[in-house]
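The values are calculated or read from the model by the stated rules, or taken from the named source; none is laboratory data. Please read these numbers as outputs of a predicted model, since none were measured by experiment. Please note: Cβ atoms are built from the backbone with ideal geometry, for glycine as well, and neighbour counts cover all protein chains shown. Side chains included, ligands, DNA and RNA excluded: accessible areas come from the protein's heavy atoms. Shrake-Rupley method; radii C 1.70, N 1.55, O 1.52, S 1.80 Å.
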Amino acid sequence: MANAYSGVVMHRGVKPVLDEATIANLEAVARWLATPNRRPSLLLMGTTGNGKTTMAMAVAHWLDSYSYWFDDAERRLSFRLFTAAEIAEAAREQETARFRRMRSGEWSIIDDIGEEPADVQCWGNVVRPMVDLISYRYGRNLMTLFTTNLTGPQLEERYGKRIYDRLKEYCQVVVFRNDSYRTSPRLEL
């Protein structure tokens, strides 16, 4: 996992920082990956810029390279990456086929849940696309990797007690406690 994480960081032209917090996060995610009968999904929580999306991409690349070694093409994994805002936009634009594809992939990364509008208008009806997506994936036990800047209580407030309870059952939670890696003395804003 450390190599996959470093590769994602270097792809952006940045030197990887494998500090104590990042190593702890890598170990937590690796334990989840290595646990038989694990929870089907992973929820990465923390403040902005502390490596959640990078970790999600590292997991995707690791799983992709791991599944490459299967002889049976049917067993190979392929992931889809969507932001929560893209999901809400598909629902708002009445792109029902696109929305169905977004929610039903074999395994998906849903980045930045909580950043999307909670409710969107679709043909005069108010819909809650992220609630629908989480319920759908939960009901089918589909592997999902979520990232969020929200805390547990904020997730419950935004999506309701039922969805928050499902996330707690369905997801292994890894809380990123480190500060943002984006802050740098060379950036003068």
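What the table shows:
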quantity: Candidate lysines - alpha carbon under 20 Å from K52, same-chain residues fewer than 8 apart omitted; calculated: K15, K168
quantity: Accessible area, probe 1.4 Å, largest first, for residues F99, F79, F146; calculated: F79, F99, F146
quantity: Part-to-part distance (alpha-carbon centres) for the stretch 107-165 and the stretch 1-42, which is given in Å; calculated: 24
quantity: Of all accessible heavy-atom area on the chain, the percent that carbon and sulfur account for (1.4 Å); calculated: 50
quantity: By average C-beta atoms within 10 angstrom, highest first, the peptides 125-131, 136-142; calculated: 125-131, 136-142
quantity: DSSP beta bridge pairing in the chain, given as percent antiparallel to the nearest 5; calculated: 10
quantity: Å² per residue, accessible surface of the stretch 136-181 at 1.4 Å; calculated: 54
quantity: Using alpha-carbon coordinates, inclination of helix 2-11 to the longest axis of the chain, degrees; calculated: 80
quantity: Shape category assigned to the stretch 87-154 from the gyration tensor of Cα positions, a/c cut at 1.5; calculated: oblate
quantity: Å² per residue, accessible surface of the stretch 1-69 at 1.4 Å; calculated: 54
quantity: L150 accessible area, assembled protein chains, probe 1.4 Å, Å²; calculated: 30
quantity: Tilt relative to the chain, helix 129-140 - C-alpha long axis, 0 to 90 degrees, to 10; calculated: 80
quantity: Rounded to 10°, Cα long-axis angle of helix 161-170 versus longest principal axis of the chain; calculated: 40
